[in-house]
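Novice: Input: one structure, supplied below.
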Amino acid sequence: MAVAFAFVLALVIMIPILAIVFDSPIGQALGRRISDGEGGGKQLASRVETLEAEMRYLTESVESVNEEARFLRSLLEAPEEHGRLGSGASGPKGDDEASSAGGDGSSAGGEARR
């Protein structure tokens, strides 16, 4: 008789405990996973594929930014290797030499037009 009483008491205590567990978010997630069966695997595979595509995109973006940073660093570290831009006041080097040979900056062709 004591065994039957212990069994009934355990059953009475377990019913509310199981109700609390199954009604919790963990119990609901477990129920969805059991009811979905194979469908959950397809969703997971689709999600993993999407995340892999995003990782490839982010990796390419980071590589692009690294390449730009290397280029800018090389410009800042050794500007003389890449050449300098003129002030814009004088033309190419050939024009500077021609205008300095004329003295006042006028060329022979300019005097002929007058």
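Novice: Kindly indicate whether Ala19 is surrounded by 10 or more Cβ atoms within 10 Å (Cβ to Cβ) and either without any contact (Cβ under 8 Å) to a residue 12 or more places away in the chain or among the basic types (Lys, Arg) (or both).
Specialist: So Ala19 passes the test.
Novice: Please work out if Ser24 is of a type in the set (S, T, N, Q) and loosely packed, with under 10 Cβ neighbours inside 10 Å.
Specialist: Answer is no for this residue.
Table: residues versus (1) surrounded by 10 or more Cβ atoms within 10 Å (Cβ to Cβ); (2) at pLDDT 90 or above; (3) outside any helix (DSSP H, G or I); (4) among the acidic types (Asp, Glu).
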{"position": "Thr50", "(1), (2), (3), (4)": "yes, yes, no, no"}
{"position": "Leu58", "(1), (2), (3), (4)": "yes, yes, no, no"}
{"position": "Leu75", "(1), (2), (3), (4)": "yes, no, no, no"}
{"position": "Gly86", "(1), (2), (3), (4)": "yes, no, yes, no"}
{"position": "Ser90", "(1), (2), (3), (4)": "yes, no, yes, no"}
{"position": "Asp104", "(1), (2), (3), (4)": "no, no, yes, yes"}
{"position": "Gly110", "(1), (2), (3), (4)": "yes, no, no, no"}
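The values are calculated or read from the model by the stated rules, or taken from the named source; none is laboratory data. Being a predicted model, the structure only gives us computed values, none of them experimental. Here Cβ is always computed from backbone atoms with ideal geometry, including for glycine, and neighbour counts include all displayed protein chains.
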